[in-house]
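Engineer: Below you'll find the structure I mean.
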Amino acid sequence: MKIDFDAVIIGAGFGGMYMLHRLRGEGFSARVLEAGKGVGGTWYWNRYPGARCDVESVQYSYQFSKELEQEWEWTERYATQPEILRYANHVADRYDLRRDMRFETLVTRATFDDTNNVWTVETDKGDRLVARYVITAMGCLSSPNTPKIEGLADFKGPTYHTGNWPHEGVDFTGKTVGVIGTGSSAIQSIPIMAQQAKHLTVFQRTANYTIPAHNRKLDPAYVKQVKAAYPEMRRRAKTKPAGIDFDMPTQAAADTPEAERNAKFQERWDYGGLGFMASFTDLLLNDDSNKAAADFVKSKIREIVKDPVTAEVLTPRNIIGCKRLCVDSGYWETFNRPNVTLVDIRDEPIERITPTGVRAKGKDFDVDCLVLATGFDAMTGALLKVDIRGRGGVALRDRWNEGPKTYLGLTVVGFPNLFMITGPGSPSVLTNMLPSIEQHVDFITDCLVALRAKGVTAIEAVDAAQEEWIGHVGSVADITLRSTCSSWYVGANIPGKPRVFMPYIGGLPRYIERCEAVVAEGYSGFALTS
Ligand code: NA7
């Protein structure tokens with residue numbers, strides 16, 4: 001059987017780029033297929049105003065090359081989307097990655113051939129590529145969710161989705177703007193849109209928690225210091241559950257007197273960012289401790305937002321950290337502006353979109369343009385958009401109709417020679433994505449090298465191993481409060497999506513240990529066919 005490539009990689013984000021680099025280094029042939037016109041994945045599409053990473057830039061970067069690590073200069077504590085995209089392009093140039101990439105090419109179908117143990121990958125351009133392996137690098141938050149609100153298609157003005165933002169940018173100067181959604185994308189973009197727009201109306205279904213970023217330009221002396229100690233920082237990061245090097249708590253909020261507890265929350269608030277949830281060990285384990293953290297943030301909302309009614313509407317009612325915590329620059333303050341209106345649609349959904357605006361709560365809110373900050377069909381959306389057919393023509397869509405089941409978040413029973421970078425059931429979105437991506441890419445590369453040495457033509461997860469892994473993913477999720485609310489982690493934002501806590505919450509160190517054990521045991525949990 002003639003094959004075109006050892007591997008077809010779907011997606012040219014950070015996963016696809018590093019995957020290509022590693023495979024080339026080991027002498028495999030590979031082709032990357034990418035829907036966008038360039039590299040960068042999520043950072044290619046998410047160009048909304050204020051888009052930034054919520055992991056600090058010096059940690060949200062590749063670590064596979066010491067030279068790359070040393071030569072790249074991050075300029076802000078939290079890198080902006082343009083800076084991260086520049087970094088992705090720099091990596092593509094440095095390693096001459098584009099020559100094995102095909103852009104504006106959407107993968108439509110991938111079919112496994114049981115007889116020859118190969119995949120045929122088809123694209124919207126009419127390609128049919130035969131490869132031994134298919135590696136998906138499509139990202140966890142890459143399939144934008146456009147809610148089915150009646151009348152959306154009739155709106156006369158422009159409609160923008162934060163996850164698929166026009167590349168030329170949007171100037172809201174002098175415009176009236178309606179924003180639907182108050183997740184991370186909205187929380188980052190609202191303060192900037194409010195500065196430009198004549199009037200901004202925010203339609204909020206669920207009030208959200210956000211912690212100030214306290215973003216700043218990075219002091220070159222600090223960057224120098226980080227670079228000098230990079231290996232140590234990276235090593236420490238891998239010992240932390242989220243793969244981020246920061247001070248881990250040692251004390252439970254439940255064992256801490258109130259004044260001391262609040263002082264700690266204040267310290268973390270002043271420091272800024274996601275580390276707020278690491279103020280104490282038990283914020284996601286104990287209801288009272290969680291409430292203490294939530295109350296602290298609620299008191300901040302009341303302090304910052306001048307109008308008590310608006311403050312009350314902005315005050316979240318769910319537990320903190322259940323939905324992904326947001327990191328902002330001036331979000332609450334924005335609601336003190338005279339040109340910003342908040343509409344609470346918690347109990348009454350938007351009735352419809354009219355040709356001139358939004359009808360909600362029996363009122364028409366006329367707007368020139370509409371921004372959908374309505375998130376993504378997370379973790380499985382991009383994968384299931386491709387018609388992936390495994391052994392016997394079984395569709396992944398059918399296999400996962402009760403929620404995704406994987407072995408290690410990397411492979412699926414019935415789908416031999418298919419690997420997923422940061423698939424459901426792996427730590428992925430609960431960690432710093434870059435080290436998680438690198439760990440997966442290294443695992444896959446080492447695996448392909450080992451299979452080649454053994455003359456293996458097919459690798460497939462074994463049912464018992466997958467069941468055991470899924471059981472473990474579910475049982476660790478049940479221990480935390482994180483699985484208890486309606487978040488995209490459980491697919492709750494997509495009507496009809498099965499409710500399953502999708503990422504692995506056991507932490508990166510435990511996950512790495514498990515992957516290493518699988519390798520040490522000669523790829524335990526997998527069936528290998530020569
Ligand atoms: P999110 O966090 O999923 O936020 C989407 C927002 O859109 C959220 O406030 C939703 O309310 C709201 N939404 C979705 N559908 C509707 C409808 N039909 N009506 C009203 N409001 C709606 O997506 P983001 O892009 O902000 O962030 C995703 C991740 O990217 C983020 O966690 C970071 O990791 C980076 P809901 O909460 O569902 O009531």
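Engineer: Go through the stretch 181-221 and count every residue that is in a helix (DSSP H, G or I) and within 16 Å of the ligand (Cβ to nearest atom).
Structural biologist: Total satisfying the criteria: 10.
Engineer: Among the residues of the stretch 327-340, what is the count of those that are open to solvent by 50 Å² or more (accessible area, probe 1.4 Å), within 25 Å of Ala79 (Cα to Cα) and assigned to a loop (DSSP other than H, G, I, E, B)?
Structural biologist: At the first step, the residues of the stretch 327-340 found to be open to solvent by 50 Å² or more (accessible area, probe 1.4 Å) are 329, 333, 336-338.
Narrowing further to those that are within 25 Å of Ala79 (Cα to Cα): 329, 333.
Filter once more, keeping what is assigned to a loop (DSSP other than H, G, I, E, B): 329.
Count: 1.
Engineer: Still on this structure, I have one more. May I ask you to list the residues in the stretch 188-207 that are touching a helix residue (DSSP H, G or I) at 6+ places or on another chain (Cβ under 7 Å) and within 15 Å of Asp171 (Cβ to Cβ)?
Structural biologist: Listed by number, the residues that qualify are Ser189, Ala194, Leu200.
Engineer: Could you tell me whether Arg482 is in contact with a Phe, Trp or Tyr (Cβ under 9 Å, 6 or more places away or on another chain), surrounded by fewer than 22 Cβ atoms within 10 Å (Cβ to Cβ) and charged (D, E, K, R)?
Structural biologist: Numbers: in contact with a Phe, Trp or Tyr (Cβ under 9 Å, 6 or more places away or on another chain): yes; surrounded by fewer than 22 Cβ atoms within 10 Å (Cβ to Cβ): no; charged (D, E, K, R): yes.
Against the criterion (in contact with a Phe, Trp or Tyr (Cβ under 9 Å, 6 or more places away or on another chain), surrounded by fewer than 22 Cβ atoms within 10 Å (Cβ to Cβ) and charged (D, E, K, R)), Arg482 does not qualify.
Engineer: What pairs come up if the first residue lies in the stretch 309-328 and is of a type in the set (Gly, Ala, Ser), the second is more than 12 Å from the ligand (Cβ to nearest atom) and not in a loop (DSSP other than H, G, I, E, B), and their beta carbons are under 7 Å apart, counting only those six or more places apart or on different chains?
Structural biologist: Every condition considered, the pairs that remain are Ala311/Ile301; Ala311/Arg302; Gly321/Met277; Gly321/Arg482.
Engineer: Any chance the stretch 49-68 includes a residue that's free of Cβ contacts under 8 Å to residues at least 12 places away in the same chain and not in a helix (DSSP H, G or I)? Can you show your working first?
Structural biologist: Of all residues in the stretch 49-68, those free of Cβ contacts under 8 Å to residues at least 12 places away in the same chain come to 65, 67.
Filter once more, so that each one left must be not in a helix (DSSP H, G or I): 65.
For the stretch 49-68, residues free of Cβ contacts under 8 Å to residues at least 12 places away in the same chain and not in a helix (DSSP H, G or I): present.
Engineer: Name the residues in the stretch 306-315 that are open to solvent by 10 Å² or more (accessible area, probe 1.4 Å) and away from the ligand (no atom under 16 Å from the Cβ), would you? Spell out the reasoning first.
Structural biologist: Of the stretch 306-315, the ones open to solvent by 10 Å² or more (accessible area, probe 1.4 Å) are 306-310, 312-313, 315.
Listed by number, the residues that qualify are Lys306, Asp307, Pro308, Val309, Thr310, Glu312.
Engineer: While we're here: Kindly indicate whether Ala492 is away from the ligand (no atom under 16 Å from the Cβ), among the aliphatic types (A, V, I, L, M) and in the same structural domain as Cys447 (by TED's automatic domain parsing). Please lay out each step first, then the result.
Structural biologist: On the way: away from the ligand (no atom under 16 Å from the Cβ): no; among the aliphatic types (A, V, I, L, M): yes; in the same structural domain as Cys447 (by TED's automatic domain parsing): yes.
No, not satisfied.
Engineer: Now for a different question. Taking the residues in the stretch 106-141 that are in contact (Cβ under 8 Å) with a residue 24 or more places away in the chain and at positive phi as candidates, determine which candidate is nearest to the ligand (Cβ to nearest atom).
Structural biologist: Within the stretch 106-141, the match that is nearest to the ligand (Cβ to nearest atom) is Gly139.
Engineer: Being charged (D, E, K, R) and part of a loop (DSSP other than H, G, I, E, B) is the filter; apply it to the stretch 485-530 and report the residue that is surrounded by the fewest Cβ atoms within 10 Å (Cβ to Cβ).
Structural biologist: By that ranking, first place goes to Glu521.
Engineer: Does the stretch 121-130 contain any residue that is closer than 16 Å to Asn46 by Cβ and either out of contact with any Asp or Glu (no Cβ under 8 Å at 6 or more places or on another chain) or of a type in the set (Phe, Trp, Tyr) (or both)? Let's see the steps before the verdict.
Structural biologist: We begin by selecting, within the stretch 121-130, every residue closer than 16 Å to Asn46 by Cβ; these are none.
No, every residue in the stretch 121-130 fails to be closer than 16 Å to Asn46 by Cβ and either out of contact with any Asp or Glu (no Cβ under 8 Å at 6 or more places or on another chain) or of a type in the set (Phe, Trp, Tyr) (or both).
Engineer: Please state which of the following conditions Glu303 fails to meet, knowing it meets all the rest: (1) away from the ligand (no atom under 13 Å from the Cβ); (2) buried (at least 18 other Cβ atoms within 10 Å of the Cβ).
Structural biologist: All conditions are met except number (2).
Engineer: Residue check: is Arg205 in contact (Cβ under 8 Å) with a residue 40 or more places away in the chain and of a type in the set (D, E, K, R)?
Structural biologist: On the way: in contact (Cβ under 8 Å) with a residue 40 or more places away in the chain: yes; of a type in the set (D, E, K, R): yes.
Yes.
Engineer: Let me ask you something else. Quick test for you: out of Asn290, Asn318, pick the one residue that is assigned by TED's automatic domain parsing to the domain that holds Lys198 and either aromatic (Phe, Trp, Tyr) or away from the ligand (no atom under 15 Å from the Cβ) (or both). Spell out how you get there, then give the answer.
Structural biologist: Working: Asn318 fails: either aromatic (Phe, Trp, Tyr) or away from the ligand (no atom under 15 Å from the Cβ) (or both).
So the residue among Asn290, Asn318 that is assigned by TED's automatic domain parsing to the domain that holds Lys198 and either aromatic (Phe, Trp, Tyr) or away from the ligand (no atom under 15 Å from the Cβ) (or both) is Asn290.
Engineer: Of all the residues that make up the stretch 229-265, how many are open to solvent by 30 Å² or more (accessible area, probe 1.4 Å), closer than 26 Å to Lys300 by Cα and modelled with pLDDT of 95 or more?
Structural biologist: 11
Engineer: Does Met277 satisfy the criteria of being open to solvent by 30 Å² or more (accessible area, probe 1.4 Å), aliphatic (A, V, I, L, M) and assigned to a helix (DSSP H, G or I)? Write out each step before concluding.
Structural biologist: Numbers: open to solvent by 30 Å² or more (accessible area, probe 1.4 Å): yes; aliphatic (A, V, I, L, M): yes; assigned to a helix (DSSP H, G or I): yes.
Yes: the conditions hold for Met277.
Engineer: On the given criteria, is Glu73 over 23 Å from the mean Cα position of the chain (by Cα), closer than 30 Å to Val170 by Cα and not basic (Lys, Arg)? Let's see the steps before the verdict.
Structural biologist: Working: over 23 Å from the mean Cα position of the chain (by Cα): yes; closer than 30 Å to Val170 by Cα: yes; not basic (Lys, Arg): yes.
Yes: the conditions hold for Glu73.
Engineer: With of a type in the set (Lys, Arg), open to solvent by 30 Å² or more (accessible area, probe 1.4 Å), within 11 Å of the ligand (Cβ to nearest atom) and more than 26 Å from Gly41 (Cα to Cα) as the only criterion, which of Arg346, Arg324, Arg352 stands out?
Structural biologist: On the way: Arg324 fails: more than 26 Å from Gly41 (Cα to Cα); Arg352 fails: within 11 Å of the ligand (Cβ to nearest atom).
Of the residues listed, the single one that is of a type in the set (Lys, Arg), open to solvent by 30 Å² or more (accessible area, probe 1.4 Å), within 11 Å of the ligand (Cβ to nearest atom) and more than 26 Å from Gly41 (Cα to Cα) is Arg346.
Engineer: Restricting attention to the stretch 142-165, report how many residues are away from the ligand (no atom under 13 Å from the Cβ) and open to solvent by 30 Å² or more (accessible area, probe 1.4 Å).
Structural biologist: Within the stretch 142-165, the subset away from the ligand (no atom under 13 Å from the Cβ) is 153-159.
Checking the rest, the ones that are also open to solvent by 30 Å² or more (accessible area, probe 1.4 Å) come to 153-154, 156, 158-159.
Selection size over the stretch 142-165: 5.
Engineer: Taking the condition of being free of Cβ contacts under 8 Å to residues at least 60 places away in the same chain and closer than 22 Å to Gly275 by Cα, how many residues in the stretch 414-434 meet it? Write out each step before concluding.
Structural biologist: In the first step, residues of the stretch 414-434 are kept if they are free of Cβ contacts under 8 Å to residues at least 60 places away in the same chain; the result is 414.
From what's left, closer than 22 Å to Gly275 by Cα: none.
The total comes to 0.
Engineer: In the list Arg98, Arg102, Arg52, Arg132, which residue meets the criterion of being out of contact with any helix residue (DSSP H, G or I) (no Cβ under 9 Å at 6 or more places or on another chain), assigned by TED's automatic domain parsing to the domain that holds Pro495 and at pLDDT 95 or above? Reasoning before the result, please.
Structural biologist: Working: Arg98 fails: out of contact with any helix residue (DSSP H, G or I) (no Cβ under 9 Å at 6 or more places or on another chain); Arg52 fails: out of contact with any helix residue (DSSP H, G or I) (no Cβ under 9 Å at 6 or more places or on another chain); Arg132 fails: out of contact with any helix residue (DSSP H, G or I) (no Cβ under 9 Å at 6 or more places or on another chain).
Checking each option against the conditions leaves just Arg102.
Engineer: With the requirement that a residue be closer than 20 Å to Ala197 by Cα and away from the ligand (no atom under 16 Å from the Cβ), what does the stretch 356-366 give you?
Structural biologist: Of everything in the stretch 356-366, those that are closer than 20 Å to Ala197 by Cα and away from the ligand (no atom under 16 Å from the Cβ) turn out to be Thr356, Asp364, Asp366.
Engineer: Go through the stretch 215-231 and give me each residue that's of a type in the set (A, V, I, L, M, F, W, C) and touching a residue at least 40 places away in the same chain (Cβ under 8 Å).
Structural biologist: So the first thing to find is which residues in the stretch 215-231 are of a type in the set (A, V, I, L, M, F, W, C), and the list is 218, 221, 223, 226, 228-229.
Residues satisfying the conditions are Leu218, Val223, Val226.
The values are calculated or read from the model by the stated rules, or taken from the named source; none is laboratory data. Everything numeric in this text was worked out from a predicted model, so none of it was measured. All Cβ positions, even for glycine, are placed from backbone atoms using ideal geometry, and neighbour counts span all protein chains on display. Only protein heavy atoms, including side chains, enter the accessible area calculation; ligands, DNA and RNA are left aside. Shrake-Rupley method; radii C 1.70, N 1.55, O 1.52, S 1.80 Å.
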